[in-house]
Amino acid sequence: MGKGLLIFFIVLVVIAIIHFFSLRMMRVSEEKKSKIKKVNWYIYGAFFTLSGLLNMFPLEDLVSFLFYNFSVE
């Protein structure tokens, strides 16, 4: 029960933070909004590209490839 309440309050805090920043964005000029949206889409795209690459190759294979193929012997 305690763990569930902790998760509930964490979710409420995250929603409150998102709400606070969305209210602040209403007062920002259109130029700045467009710049922020562009940066947001680049971060979003990079995150999902990285996520897709990590799901395509198992993490153990990627780590062993990097450490065993490029190590200096």
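Values for this structure:
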quantity	calculated
Check: the chain dipole with +1 on Lys, Arg Cβ and -1 on Asp, Glu Cβ, in debye	740
Inter-site label distance for residue 48 and residue 3 at 7 Å from Cα along Cβ, in nm	3.2
Selected from 1, 50, 63, residue furthest toward positive end of dipole (the chain; charges at beta carbon)	1
Dimensionless Rg ratio for the chain, taking C-alpha atoms and the 2.2 N^0.38 Å reference	1.80
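Readers should treat all values here as calculations from the given coordinates under stated rules, not as data from a laboratory. No experiment lies behind these values; they were computed from the predicted model shown. Methodologically, a virtual Cβ is constructed for each residue, glycine included, from the backbone with ideal geometry; neighbour enumeration extends over all protein chains shown.
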